[in-house]
Every structure is written in structure tokens, then in C-alpha cells.
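**Q** Shown below is the structure under consideration.
What follows is calculated from the coordinates using simple rules that are stated; it is not laboratory data. This is a predicted model, so every value here is computed, not measured. Counting neighbours? That spans all protein chains shown, and the Cβs are built from the backbone with ideal geometry, glycine included.
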Amino acid sequence: MECSPGDLFLLNPSDKNRRRRIEGEANRFAAHLLMLPKHIRKYVGRNGVSLETIVALSGDMKVSKEVMARAFVDRHREPVAIIVARQGKVERFYRGEDFPFLSLSKGKPLPAGTFSGDPIEVGKYTETA
């Protein structure tokens, strides 16, 4: 089986494509091995909830910032969501099961009045809180 870069972000177990579903399951399994929930919660308990914490965790656990952001959303005990945007347009978003529904679409502008915080330099990208 071969996977594409897009397969790395699959989270939909109801996907009709068996290959993509299997790849998504394998990615989730690997993520649980690399990023144990108890380690994430312990780290957040010491350092607080912020993009800086997610960036630091990604470095400590040797995973990408986006993979850590997704794991953070999945493992956080409070409702949380992270939107990945560039130049005011949505690229991807991750929300916990308890987070309210988000009416967002890839390529669409961020909703009016969205708070994006101050830019944070993280590698070659600028992320906002």
C-alpha cells in the first residue's frame, strides 16, 4: 500500500475508501505510541495551554507541530479546537469531540471577528494564538 501526504491527516473512520481508512487507523495508532496522552497532559499541566506549549511538545516528542496540535486536540480534557490558517484563509482545522460545531471550509476566509492573537514564529511558518 502507498499513502499520499493527504493521508497523514485522515481522521474519518466512515470514509468509504478502504485504503484511506486503513492508513488513517495506522496513523492514529502510531500517534498514540509516539505521543502518550499522559505525557501530553503532564507537560500541559506544568506549562499551560498555548501554541508555545504545542511547539515545545512537538520538539520534545520529535513530531511535527501540526501532528502535535492534532494530538493535543484529541487528548485535551477540555473542549478545544485549532485552526490552521494562512493569509486569513482556512487550510485545516481540528476540534475535539466536545467542541461546538465549526462551520469552516478549506480555502474560505476566517469568520469575521475571529481572534487570532499575536503571531508566533515557529520554524518557517508564522502561527497565531
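**Q** Give the residues of the stretch 95-112 whose amide nitrogen is closer than 14 Å to a point set 7 Å from the Cα of ALA30 in the direction of its Cβ.
**A** none
**Q** Among 48-59, 83-94, 101-112, how do they line up from the highest to the lowest mean number of other beta-carbon atoms within 10 Å?
**A** Most protected by this proxy first, the peptides run 48-59, 83-94, 101-112.
**Q** Can you return the lysines within cross-link range of LYS108? Criterion is Cα-Cα under 25 Å, with same-chain partners fewer than 8 residues away left out.
**A** The qualifying lysines are LYS65, LYS89, LYS124.
**Q** Peptides 67-74, 31-38: what's the order by average Cβ count within 10 Å, highest mean first?
**A** Order by mean packing, descending: 67-74, 31-38.
**Q** State, to one decimal in nm, how far the label point of ARG86 lies from the label point of VAL49, with both points 7 Å from Cα in the Cβ direction.
**A** Simple spin-label model gives 2.8 nm for this pair.
**Q** Could you work out how much longer the chain between GLU97 and ILE22 gets when fully extended? Use 0.36 nm per residue separation minus the Cα distance between them, nm to one decimal.
**A** Gain in length upon complete extension: 24.9 nm.
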